[in-house]
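Asker: First, the structure itself, so that you have it in front of you.
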Amino acid sequence: MSKKAIPYGRQNITDEDIQTVIETLQSDYLTQGPKIKQFENEFAEYVGSKYAVAVSNGTAALHLSTLALGVKPGDKVITSPITFAASANCVRYCGGEVIFSDIDSSTYLLDIKKLRSLLEASPKGTYKGIIPVDFAGRAVNLELFRKLAAEHDLWIIEDACHAPGGSFLDSNNKQQFCGNGRFADVSIFSFHPVKHIACGEGGMITTNDEKLYHKLLQLRTHGIVKEADSFENSIENAGGKGSYPNWYMEMQDLGFNYRLTDMQAALGISQLTRAEIGLFRRREIAINYYKAFADCPYIKGQSGIVEGHAYHLYVIEVDNRLGLYNYLRENKIFAQIHYYPCHLMPYYKNIGWREGDLSSAEKYYKHCISLPMYPILSNDEQQYVIDTIKSFLHE
Ligand SMILES: *Cc1c(COP(=O)(O)O)cnc(C)c1O
């Protein structure tokens with residue numbers, strides 16, 4: 001029997017990871033150095049996008065995205081209630097209004113039929129954008145979302161924090177990777193230690209839109225521009241003669257310091273080389289869970305085996321969720337709940353959301369529990385988790 005505590009997710013740091021961070025600490029740059037661009041290029045290649053912008057965390061990635069897309073006070077933006085609060089909060093940072101739309105009870109993702117009804121119930125122009133979430137690592141079919149968004153003039157921010165390497169099959173049966181820039185205006189990722197790639201803190205924005213890319217770069221560093229052909233003040237005013245002096249730069253917009261450091265980027269680069277191996281292992285673990293519970297009537301729903309699923313989480317639904325959660329804890333298995341519906345958080349209740357507004361999300365919350373899922377979970381540990389769940393639920 002395993003006596004080591006088993007969390008629901010954890011990072012995997014190798015000697016190679018540690019070595020690369022040490023080398024960066026000994027180099028000329030701790031931040032704003034060459035590791036950032038390298039990480040951006042390699043990440044863009046991994047997901048198949050044209051551009052990538054590394055930022056300090058996933059929440060900063062969301063905030064910069066809503067800023068770059070021009071969210072203004074009063075703008076209505078739609079997202080899922082079954083997500084980490086940051087997917088919604090980024091709209092509030094810009095003074096926009098969050099509209100939660102219900103999930104599909106079988107995929108746990110935004111229900112596109114309900115979304116269509118919501119959009120069609122109001123005149124065009126009522127909503128500005130949608131933030132679909134690849135919840136648990138299951139890729140949203142963004143081809144369908146893009147079609148719907150185009151009918152209603154909406155932009156799309158894909159929250160792909162759970163799904164680097166995830167994909168869906170498009171209408172031509174072609175694999176479309178999360179964050180590849182084909183359907184979403186921007187996609188965002190997080191490198192928090194429980195996610196697939198760990199930087200400590202860290203985030204990435206991917207896009208195929210050159211204009212948005214430059215806007216994001218500018219907003220990441222205080223809204224400052226360094227290219228002479230975009231300067232607004234005159235050469236004379238800047239103190240130059242014939243051309244702008246070398247030191248000169250302009251703050252043209254109100255931006256932030258949302259930069260990633262070179263140490264974090266070095267760790268990210270090293271982690272990225274193992275992303276596919278990690279994904280493979282996550283899928284093995286998912287298959288083991290699925291098979292173990294396929295014939296158990298007390299399991300009311302589970303993530304199952306889904307092509308392209310990146311399995312950040314493996315969720316099962318049970319009747320006695322609290323009992324199971326506590327029993328697992330007593331046995332040193334630290335399962336987790338993802339998520340308490342965002343619209344019922346006191347902050348969102350205080351601005352008008354109520355229990356009963358989104359019945360599928362609320363029903364899902366009563367039963368869901370996320371089981372341990374991370375590449376270095378051993379087969380023995382997983383078997384222990386499965387046996388412990390069965391021994392509780394059989395009673
Ligand atoms: C982790 C996460 C975020 C935020 O990322 P941070 O790096 O923690 O700021 C946003 N959305 C989802 C779905 C997440 O899982």
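Asker: Output the Kirkwood hydrodynamic radius of the chain, Cα pairs only, in Å rounded to one decimal. Numbers along the way, then the final one.
Answerer: Numbers: mean 1/r = 0.0450 Å⁻¹.
Here the Kirkwood hydrodynamic radius works out to 22.2 Å.
Asker: Given the options Lys174, Lys332, Lys147, which has the most mean-square fluctuation in a GNM of the chain, springs set between C-alpha atoms less than 10 angstrom apart?
Answerer: For the chain, modelled as a Gaussian network with Cα springs under 10 Å, the answer is Lys174.
Asker: Compute and list, largest first, the equivalent-ellipsoid semi-axes of the range 147-265 from the alpha carbon gyration tensor, each √(5λ) rounded to a whole angstrom. Spell out each step's value before the answer.
Answerer: Values: eigenvalues 249, 80, 24 Å².
Computed over the range 147-265, the values are 35, 20, 11 Å.
Asker: While we're here: Which whole-number percent of Cα pairs in the range 1-55 have a distance greater than 15 Å?
Answerer: On the way: 987 of 1485 pairs.
So the portion of pairs separated by more than 15 Å is 66 percent.
Asker: Can you compute the modelled spin-label distance between Tyr340 and Lys363, with each label point 7 Å from Cα toward Cβ, in nm?
Answerer: Taking the two extended label points, one gets 2.3 nm.
Asker: How big is the gap, in Å, between the Cα center of the range 265-327 and the Cα center of the range 22-85?
Answerer: Using only Cα atoms to place each centre, the spacing works out to 25 Å.
Asker: Another question, if that's okay. Quick check for you: which residues of the range 235-279 have the amide N under 16 Å from the point 7 Å beyond the Cα of Asp229 toward its beta carbon?
Answerer: Zone members listed by number: 244.
Asker: Using only Cα atoms, find the angle between the long axis of helix 142-151 and the longest principal axis of the chain, and express it within 0 to 90 degrees, rounded to the nearest 10.
Answerer: Relative to the chain, helix 142-151 is tipped by roughly 60 degrees.
Asker: Can I ask one more? For the range 208-226 and the range 381-395, compute the distance between their C-alpha centroids and round to whole Å.
Answerer: About 50 Å separates the Cα centre of the range 208-226 from the one of the range 381-395.
Asker: Further question: Over the C-alpha atoms of the range 32-73, what are the Rg and the largest Cα-to-Cα span, Dmax, in Å?
Answerer: Gyration radius and largest Cα-Cα distance of the range 32-73: 12.0, 37 Å.
Asker: A further question on this structure: Choose one answer from Ile277, Ile269, Ile235: the residue with the largest mean-square fluctuation in a GNM of the chain with alpha-carbon springs under 10 Å.
Answerer: Result for the chain, Cα springs under 10 Å: Ile235 fluctuates most.
Asker: Sticking with this one: Which parts of the range 329-356 would a label at Cys94 reach, counting a residue when its backbone N lies under 18 Å from a point 7 Å out along Cα-to-Cβ?
Answerer: In the range 329-356, the label zone of Cys94 (backbone N under 18 Å from the point 7 Å along Cα→Cβ) covers no residue.
Asker: Do the alpha carbons of any pairs in Lys215/Lys349; Lys147/Lys300; Lys50/Lys241; Lys50/Lys147; Lys50/Lys128 sit beyond 26 Å of each other, and which pairs? Let's see the in-between values first.
Answerer: On the way: Lys215/Lys349 33 Å; Lys147/Lys300 33 Å; Lys50/Lys241 37 Å; Lys50/Lys147 21 Å; Lys50/Lys128 24 Å.
Beyond 26 Å between Cα atoms: Lys215/Lys349; Lys147/Lys300; Lys50/Lys241.
Asker: Over the range 141-264, what is the mean sequence separation of C-alpha contacts under 8 Å (at least six apart), divided by residue count, expressed as relative contact order in percent?
Answerer: RCO, the range 141-264: 18 percent.
Asker: Using Cα pairs under 8 angstrom and six or more residues apart, how large is the relative contact order of the range 273-390, in percent?
Answerer: Values: 127 pairs, mean separation 37.4, N = 118.
Across the range 273-390, relative contact order equals 32 percent.
Asker: Leaving out same-chain residues fewer than 8 places away, which lysines sit with a Cα under 24 Å from that of Lys3?
Answerer: Those lysines meeting the cut-off are Lys332, Lys390.
Asker: With a 10 Å cut-off between alpha carbons and a GNM built on the chain, which of Gly304, Gly352, Gly58 moves the most?
Answerer: Result: Gly352 has the largest fluctuation of those listed.
Asker: Could you grab the relative contact order for the range 1-138? Cα pairs under 8 Å, six or more apart, rounded to a whole percent. All intermediate terms of the calculation are to be shown ahead of the outcome.
Answerer: Details: 133 pairs, mean separation 25.6, N = 138.
Relative contact order comes out at 19 percent.
Asker: Would you mind checking the tilt of helix 210-220 against the longest principal axis of the Cα atoms of the chain, expressed as 0 to 90 degrees and rounded to 10?
Answerer: Taking the Cα atoms of the chain, the angle to 210-220 is about 90 degrees.
Each value in this text was obtained by applying a stated rule to the coordinates, not by laboratory testing. This is a predicted model, so every value here is computed, not measured. All Cβ positions, glycine included, derive from the backbone under ideal geometry; neighbour counts span all protein chains shown.
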